[in-house]
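Read the structure below first, then the notes.
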Amino acid sequence: MIRDQETLNILLDTLSRFVRERLVPQEAIVAETDAIPDALVSEMKELGLFGLSIPEQYGGMGLSMEEEVLATFELTRASPAFRSLFATNNGIGAQGIVLDGTPEQKESFLPRLASGEIVGSFCLTEPDSGSDAGSLRTTAVRDGDSYVLNGTKRFITNAPEAGLYTVMARTDAKRPGAAGVSAILVERGAPGLALGPIDHKMGHKGAHTCDVIFEDCRVPVANLIGGREGLGFKTAMKVLDKGRLNIAAASVGAAERMLADALRYACERIQFGKPIAEFQLIQAMLADSKAEIYAARSMVVDAARRRDAGFDIATEASCAKLFASEMCGRVADRAVQIFGGAGYLAEYGIERFFRDVRLFRIYEGTTQIQQLVIARNMIREQAA
Ligand code: COS
């Protein structure tokens, strides 16, 4: 749903200019230093990027899902590390509160997330619980007016920067699987909360992950999302439905950028006396990429419109994430191939994208988990 086309066009133009003029020129330095310059972070805050999807009453832009994916298409035409910094505030690090939080939790946390004053982080994965999220072992035991958390969360995006952690923890030891899980908000500085060293990753330099460790970490009972135990797994799955659609949109944006770079290179690079773009084998790679990006983009926009219309989009979000992230991997591979030897060199930037986009097929649910979700839902509908 697009609420006001004219306002949206202004926003998309602003984002496109910001990406072109401010983010793209700093991609190499961010990758080299593994840090996003403070000045850029301030500009992101001024543009409202931390609150794109947070409701207007809490200081965000309150974009609809369709508007948000269109914004993501623009924002991911630069290194994915930039988006990573503000993406958790729009997605998995805030949506638990937006979707299921109590009015007090919304009042208390959403304005600070929307402004970028704090960064939000989503703590689901553990050392022994990845795709099988329902098997998580972190515990939250009620003790008077507090929960006492124990356990370790792994690969947590933005954990080193975060001011707020949405933690999925087991509040009912007697109920195995998803039913015993609750979502609890933990603020930075809570006693018993510690962070592991920053992970060394294949890509996404400038975006950070680390372990989040709870040792008798005490938080107020009021921090239980929604105020009811046992709903945390469902909250996490709903958050991931939206998150997966956003990763699909990010895959489209990154693929469009890589294809634009590959096309420019193919038109400039002369071999056998003419630009390599004139050779049909290169044209096949360009054309297949264009067609696949168009398909993925259409899927993402369609799924976003369905979500805005109030439909359950678990299947469509998984379809979009599965197709778009795999498509993005193929486009990255072709782009490196079109660049040839230059594609393997850091200074051309395309090898960095190749490494960066590999993550899209893994996080917020692997391709195999998307397949499983899609097929399960199909079988369930068939039986109904
Ligand atoms: N929206 C709302 N509720 C959902 C849901 C969704 N999209 N998906 C599942 N649920 C509900 C189910 O309806 C079920 O509720 P009931 O018991 O009341 O029927 C409950 O959640 C448990 O669901 P299910 O039985 O399907 O859970 P499983 O343990 O079998 O796990 C998968 C399902 C594998 C799909 C889940 O663990 C998953 O998504 N794993 C990947 C995790 C992931 O993406 N990690 C990335 C890290 S975050 S960056």
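Charges at C-beta only: +1 for Lys and Arg, -1 for Asp and Glu. How large is the resulting dipole of the range 250-384 about its Cα centre, in Debye rounded to 20?
60
Going toward the positive end of the dipole of the range 163-258, with +1 on Lys and Arg Cβ and -1 on Asp and Glu Cβ, which of LEU195, CYS210, GLY177 do you reach last?
GLY177
With viscosity set to 1.306 mPa s and temperature to 10 °C, compute the Stokes-Einstein D of the chain, Rh being the Kirkwood radius across alpha carbon pairs; µm²/s, no decimals. Mind dumping the intermediate values first?
Values: Rh = 21.4 Å.
After rounding, the answer is 74 µm²/s.
What is the dipole size for the chain, taken about its Cα centre, with +1 at each Lys and Arg Cβ and -1 at each Asp and Glu Cβ, in debye to the nearest 20?
Here the size comes out at about 780 debye.
Quick one: dipole size for the range 120-229, taken about the Cα centre, charges +1 on Lys/Arg Cβ and -1 on Asp/Glu Cβ, in debye to the nearest 20. Working shown, then result.
Working: 12 positive and 13 negative charges, 38 e Å.
Dipole size: approximately 180 debye.
Would you list, by chain and number, the lysines whose Cα falls below 20 Å from the Cα of LYS242, excluding same-chain residues fewer than 8 positions away?
Qualifying lysines at Cα under 20 Å: LYS106, LYS234, LYS321.
Give me the percent of the accessible area of the chain that comes from carbon and sulfur atoms, probe 1.4 Å, all protein chains in place. Walk me through the numbers before you get to the answer.
Values: 9190 of 17180 Å².
For the chain, the apolar C and S fraction of the accessible surface comes to 54 percent.
Measuring with a 1.4 Å probe in the full set of protein chains, what accessible area per residue, in whole Å², belongs to the chain? It would help to have the intermediate numbers written out before the result.
Numbers: 17180 Å² over 384 residues.
Result: 45 Å² per residue.
Could you sort LYS321, LYS290 by accessible area so the largest value comes first, with the probe set to 1.4 Å? Show your work: numbers first, answer last.
Working: LYS321 0, LYS290 140 Å².
These residues rank, largest area first, as LYS290, LYS321.
Compute log10 of I(q)/I(0) for the range 108-218 with the Debye formula, placing one identical point scatterer on every Cα and leaving out solvent, at q = 0.22 Å⁻¹, to two decimals.
Debye output, listed in q order: -1.23.
Could you state how much accessible area ILE379 has, in square angstrom rounded to the nearest 10, with a 1.4 Å probe and all protein chains kept in place?
In the full protein context, ILE379 sits at about 120 Å².
What are the semi-axes of the equivalent ellipsoid for the range 234-383, taken as the square roots of 5 times the Cα gyration tensor eigenvalues, largest first, in whole Å? If you can, show how the numbers build up before the last one.
Values: eigenvalues 234, 43, 28 Å².
Here the semi-axes work out to 34, 15, 12 Å.
Among HIS208, HIS200, what's the order by accessible area (1.4 angstrom probe), most exposed first? Intermediate values should be presented prior to the final figure.
On the way: HIS208 25, HIS200 185 Å².
Accessible-area ranking of HIS208, HIS200, largest first: HIS200, HIS208.
Report the equivalent ellipsoid semi-axes for the range 1-111 in whole Å, largest first, defined as the square roots of five times the eigenvalues of the gyration tensor built from alpha carbon atoms.
Working: eigenvalues 121, 63, 24 Å².
The three semi-axes for the range 1-111 are 25, 18, 11 Å.
Charges on Cβ only, +1 for Lys and Arg, -1 for Asp and Glu, centred on the Cα centroid of the chain; of ALA335, LEU85, ALA114, which one is farthest towards the dipole's positive end?
ALA335
Using a 1.4 angstrom probe with every protein chain in place, what is the largest-first accessible-area order of GLU117, GLU161? Working shown, then result.
Working: GLU117 125, GLU161 70 Å².
Greatest to least solvent exposure: GLU117, GLU161.
The values are calculated or read from the model by the stated rules, or taken from the named source; none is laboratory data. This structure is a prediction, so every number in the text was calculated from the model and none was measured. As a convention, Cβ positions derive from the backbone with ideal geometry for all residues, glycine included, and neighbour counts pool all protein chains shown. Quick note on the areas: whole protein, heavy atoms, side chains included, nothing else; ligands and nucleic acids left out. Shrake-Rupley method; radii C 1.70, N 1.55, O 1.52, S 1.80 Å.
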